[in-house]
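Notes to accompany the following structure.
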There are 2 protein chains.
Amino acid sequence: MKKGCSYGTHRVIEPKGTLPQPAQKIDNTMEIYDNEILIDVQTLNIDSASFTQIKEQANGDVEKIKDIMMDIVKTRGKHQNPVTGSGGMLIGTVEKIGPALEGKTDLKVGDKIATLVSLSLTPLRIDEILEVRKNIDQVDIKGKAILFESGIYAVIPDDIPENLALSVLDVAGAPAQTAKLVKPGDTVVVIGGAGKSGMLCLYEAKKRAGVTGTVICLGHSEKSIERAKKADLADHYIVADATNAVEVMEKVKEVTEGDMADITINCVNVPNTEMASILATKDDGMVYFFSMATSFTKAALGAEGVGKDINMIIGNGYTKGHAKISLQIMRENETLRKIYEELYA
Amino acid sequence: MKKGCSYGTHRVIEPKGTLPQPAQKIDNTMEIYDNEILIDVQTLNIDSASFTQIKEQANGDVEKIKDIMMDIVKTRGKHQNPVTGSGGMLIGTVEKIGPALEGKTDLKVGDKIATLVSLSLTPLRIDEILEVRKNIDQVDIKGKAILFESGIYAVIPDDIPENLALSVLDVAGAPAQTAKLVKPGDTVVVIGGAGKSGMLCLYEAKKRAGVTGTVICLGHSEKSIERAKKADLADHYIVADATNAVEVMEKVKEVTEGDMADITINCVNVPNTEMASILATKDDGMVYFFSMATSFTKAALGAEGVGKDINMIIGNGYTKGHAKISLQIMRENETLRKIYEELYA
Ligand SMILES: NC(=O)c1ccc[n+]([C@@H]2O[C@H](COP(=O)([O-])OP(=O)(O)OC[C@H]3O[C@@H](n4cnc5c(N)ncnc54)[C@H](OP(=O)(O)O)[C@@H]3O)[C@@H](O)[C@H]2O)c1
Ligand SMILES: NC(=O)c1ccc[n+]([C@@H]2O[C@H](COP(=O)([O-])OP(=O)(O)OC[C@H]3O[C@@H](n4cnc5c(N)ncnc54)[C@H](OP(=O)(O)O)[C@@H]3O)[C@@H](O)[C@H]2O)c1
């Protein structure tokens, strides 16, 4: 059996020297290396940006969607949309575990798992596309995939429906990082706090900041704010446009009586909200950017431009225990679980 | 006298609700608000990307360069290049200090200062352009500028030549952040370590990591590495291409005997080096991205893709004491000072 690199570089066909994600083409033969896991795939959960593009290209025709998907995997050895560059995640059952992983992994053959690394780097073979569920970006297939040694995953728990688990796992990094960063007594602002990742962050923030802390939910629409209020996720609620930095600063100033936030968590899905996040935060405070619409230069130059000495963190999608922490929220909070079931599952 | 906002929003003409930097047009009348500082400007140091664009547009003609610059300031009230969006910095003499700043600032009328906030947000009036020094991006003018209450600056010291001070202050955030982040015993890798910001970071890293720490300089050309060696800035030197993540990982693994870096500092000026920075770093370690060529999404998805639980920081150009820390290096290290005088002053 061949020995593999933990990052899967042994599967890169071209260009050499890159990692599987930026690679143009990777090897998707399903004979495993000594440190790989073979997965019998059940469902692909295509990244929303990618699936929207594929649906458009296919004019909504299901057979054409299937053709495009088969073609992507044939060309690249993985389901990485050539237009958007993005992937998605998958659910499947562990079929084989490389001998080099013995004692290193707690997985066993037969476990149902969700991969938490992107499909854009996952070796995949599709034998047949069984069903395309167009409005929730999910595709059932017959096929196999490989998980690298460094690849992260979550075992799907028995007590949480698969679809609910999937949607929570999609944003698992955000609440887990919140849990790590927030300290008792902190004032925390979550911008985009009534969205999918935002509500999980509010919940964790409130738990960690405790009775001496203050948690503030900032959202765009009255409607989403009402939802967050129903679940009693924050001490204060602000309706504001996060692209208007001055408006956000004034409103945060008001509810914090001039103190501003120790930690601001940005969970929006629109660009140009860096400055609002910076101005909502006190000197020596911290901004955690989870939003993928964040611009590195706007954040770096923005903070300098107003002379703010704050720590700005790039939202790593992974942190230890992120799946466990996010799924646990669905067990702890009945109201939140109902909201997520209605909205996302 | 009118009362101003500390971020200068009172000067924004359009669009309303934005800050002076993203604004299209700001008010550059030179009557100060109560919390502003009036500067008699001597030299503009135009951002290198901006000045390159202006020179091209003018076909290198000095009179045309002057016209373009006058036009920018007339249209926007600030020297923000409409193509690149960037500004630069300026040197001048404090002429007036708003009464609301009394007791708050240590500046006095007559001080020679460099502004450390971008020209892209600084109200500026140019009366006359005296001299254009095309090859070092500097332009002497007769004119005035406004520093906002939140605006950062440095008093030019007597013992360091103006040009040397300017080039060190340009990258002051990097060594100052290094000084804050590196702890005794740390293993530190500086990628792009033989460049302008890189060498200052190496110097601070060595000072803070101390005798129990290890400092590693990674550069691209033998020539620049020789320069860093001459100044004895690191314990190990690596020649590698930072866009090749696997090469960088292997070489860092070798010199650290498999341990990898506690802190990786990215000071390169080319794109696609996020993955090398991530793989050079140990789990629970930290990457500090100073390079403006950093992509937020490449960093966020890259770390997730290899399951690395690391803290990734956006290089804020400002941190308290950054000017003092960086200028002090020029006093402490004779060899480094000579190198900077030859290269940049
Ligand atoms: N770093 C990572 O690894 C990672 C992983 C997954 C997702 N993400 C990113 O995380 C972000 C959030 O994802 P999500 O699933 O939580 O999205 P979501 O459910 O759509 O939530 C986005 C929220 O942003 C709010 N919002 C939109 N425009 C706003 C504005 N101008 N002012 C204030 N609030 C505004 C929305 O408020 P209303 O509902 O009131 O309109 C909504 O609640 C996305 O950018 C996504 O790319 C990152
Ligand atoms: N965050 C902020 O506020 C802020 C402020 C100012 C500047 N910056 C940014 O900081 C960065 C560095 O600025 P600087 O003035 O220090 O630049 P610099 O002096 O030009 O240094 C860049 C260094 O990167 C190295 N490099 C280039 N390509 C490389 C590769 N493929 N592999 C390894 N090393 C490579 C170069 O090595 P060789 O010399 O061997 O080619 C050089 O030493 C720039 O991106 C700039 O935009 C940020």
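The values are calculated or read from the model by the stated rules, or taken from the named source; none is laboratory data. Predicted model, so just to flag it, every value in this text is computed and none were measured. Quick reminder, even Gly has a Cβ in these numbers, built from the backbone with ideal geometry, and neighbours come from all protein chains shown.
Please pick out the residue among A:GLY193, A:GLY151 that is assigned to a loop (DSSP other than H, G, I, E, B) and in contact with a helix residue (DSSP H, G or I) (Cβ under 7 Å, 6 or more places away or on another chain).
Checking each option against the conditions leaves just A:GLY193.
Which ones in region B:58-97 are outside any strand (DSSP E or B) and farther than 25 Å from B:ILE13 by Cβ?
B:ALA58, B:ASN59, B:GLY60, B:ASP61, B:VAL62, B:GLU63, B:LYS64, B:ILE65
Counting just the residues of region A:181-214 that are surrounded by fewer than 20 Cβ atoms within 10 Å (Cβ to Cβ) and closer than 19 Å to A:VAL168 by Cα, which one comes out farthest from the chain's Cα centre (by Cα)?
A:LYS207
Regarding B:ILE39, is this residue in a strand (DSSP E or B), closer than 24 Å to A:LEU279 by Cβ and in contact (Cβ under 8 Å) with a residue 12 or more places away in the chain?
Against the criterion (in a strand (DSSP E or B), closer than 24 Å to A:LEU279 by Cβ and in contact (Cβ under 8 Å) with a residue 12 or more places away in the chain), B:ILE39 does not qualify.
Scan region B:318-343 for residues that are within 16 Å of B:ASN163 (Cβ to Cβ) and either within 13 Å of chain A (Cβ to nearest Cβ) or under 14 Å from the mean Cα position of the chain (by Cα) (or both) and jot them down.
Answer for region B:318-343, where residues must be within 16 Å of B:ASN163 (Cβ to Cβ) and either within 13 Å of chain A (Cβ to nearest Cβ) or under 14 Å from the mean Cα position of the chain (by Cα) (or both): B:ALA323, B:SER326, B:LEU327.
Just wondering, is there one or more residues in region A:279-292 that are in a helix (DSSP H, G or I) and closer than 16 Å to A:VAL190 by Cα?
Checked against the condition, which is being in a helix (DSSP H, G or I) and closer than 16 Å to A:VAL190 by Cα, region A:279-292 yields at least one hit.
Filter region B:1-26 for residues that are over 26 Å from the mean Cα position of the chain (by Cα) and outside any strand (DSSP E or B) and give the result.
Matches in region B:1-26: B:MET1, B:LYS2, B:LYS3, B:GLY4, B:HIS10, B:PRO15, B:LYS16, B:GLY17.
Across region B:212-245, what is the number of residues that are among the hydrophobic types (A, V, I, L, M, F, W, C) and not in a loop (DSSP other than H, G, I, E, B)?
Result for region B:212-245: 9.
Mind telling me which of the residues B:GLU332, B:GLU304, B:GLU342 ends up being touching a Ser or Thr at 6+ places or on another chain (Cβ under 9 Å) and among the acidic types (Asp, Glu)?
Exactly one residue qualifies, and that residue is B:GLU304.
Determine whether region B:215-222 contains at least one residue that is over 24 Å from B:LEU181 (Cβ atoms) and surrounded by fewer than 16 Cβ atoms within 10 Å (Cβ to Cβ).
yes
Just to be sure I understand the filter: pairs with C-beta atoms under 9 Å, separated by 6 or more residues or on different chains, first member in region B:280-299 and farther than 15 Å from B:ASN311 by Cβ and more than 8 Å from every other protein chain (Cβ to nearest Cβ), second member more than 8 Å from ligand 2 (Cβ to nearest atom) and part of a loop (DSSP other than H, G, I, E, B). Which pairs pass?
Going by the 9 Å Cβ cut-off, the qualifying pairs are B:SER291/B:PRO271; B:ALA293/B:PRO271; B:ALA293/B:ASN272; B:LYS298/A:PRO22; B:LYS298/B:PRO271; B:LYS298/B:ASN272.
Would it be correct to say that B:ASN59 is assigned by TED's automatic domain parsing to the domain that holds B:GLN138 and over 21 Å from B:VAL132 (Cα atoms)? Before you say what the answer is, go through the steps one by one.
Numbers: assigned by TED's automatic domain parsing to the domain that holds B:GLN138: yes; over 21 Å from B:VAL132 (Cα atoms): no.
So B:ASN59 does not fit the description; no.
Among the residues of region B:325-345, which ones are over 13 Å from B:LYS230 (Cβ atoms) and either outside any helix (DSSP H, G or I) or among the aromatic types (Phe, Trp, Tyr) (or both)?
Taking region B:325-345 and keeping what is over 13 Å from B:LYS230 (Cβ atoms), we get B:325-332, B:341, B:344-345.
Result: B:TYR344, B:ALA345.
Looking only at residues that are charged (D, E, K, R) and at pLDDT 95 or above in region A:191-207, which one is nearest to ligand 2 (Cβ to nearest atom)? Steps first, please.
Initially, region A:191-207 is screened for residues charged (D, E, K, R), giving A:196, A:204, A:206-207.
Filter again for at pLDDT 95 or above, leaving A:204, A:206-207.
Numbers: A:GLU204: 30, A:LYS206: 34, A:LYS207: 34 Å.
Among them, the one singled out is A:GLU204.
Take region A:220-245 and flag every residue that is under 21 Å from A:GLU332 (Cα atoms) and touching a residue at least 40 places away in the same chain (Cβ under 8 Å).
Within region A:220-245, A:ARG227, A:LYS230, A:ALA231, A:ASP232, A:LEU233, A:ALA234 meet the criteria.
Starting from residues that are of a type outside the set (A, V, I, L, M, F, W, C) and near ligand 2 (Cβ under 9 Å from one of its atoms), keep the ones in region B:223-241 and report whichever is surrounded by the most Cβ atoms within 10 Å (Cβ to Cβ).
So, considering only residues that are of a type outside the set (A, V, I, L, M, F, W, C) and near ligand 2 (Cβ under 9 Å from one of its atoms), the one surrounded by the most Cβ atoms within 10 Å (Cβ to Cβ) is B:ARG227.
Being of a type in the set (Ser, Thr, Tyr) and within 14 Å of chain A (Cβ to nearest Cβ) is true for just one of B:THR122, B:THR43, B:THR52. Which residue is that?
Answer to the check: B:THR122.
Conditions first: (1) in contact (Cβ under 8 Å) with a residue 40 or more places away in the chain; (2) more than 13 Å from A:LEU44 (Cα to Cα). A:ILE129 passes all but one, so which condition is the exception?
(2)
Take the residues in region A:276-298 that are modelled with pLDDT of 95 or more and within 16 Å of ligand 2 (Cβ to nearest atom), then tell me which one is nearest to B:VAL117 (Cα to Cα).
Selected residue: A:ILE278.
Take the residues of region A:262-278 that are surrounded by fewer than 24 Cβ atoms within 10 Å (Cβ to Cβ) and within 16 Å of ligand 1 (Cβ to nearest atom): which is nearest to the other protein chains (Cβ to nearest Cβ)?
Within region A:262-278, the match that is nearest to the other protein chains (Cβ to nearest Cβ) is A:ASN272.
Could you check region A:300-317 and list, in sequence order, the residues that are surrounded by fewer than 23 Cβ atoms within 10 Å (Cβ to Cβ) and within 18 Å of the chain's Cα centre (by Cα)?
Of everything in region A:300-317, just one residue is surrounded by fewer than 23 Cβ atoms within 10 Å (Cβ to Cβ) and within 18 Å of the chain's Cα centre (by Cα), namely A:ILE313.
Identify all residues within region A:115-139 that are surrounded by fewer than 16 Cβ atoms within 10 Å (Cβ to Cβ) and modelled with pLDDT under 95; write none if there are none.
A:ARG133, A:LYS134, A:ASN135, A:ILE136
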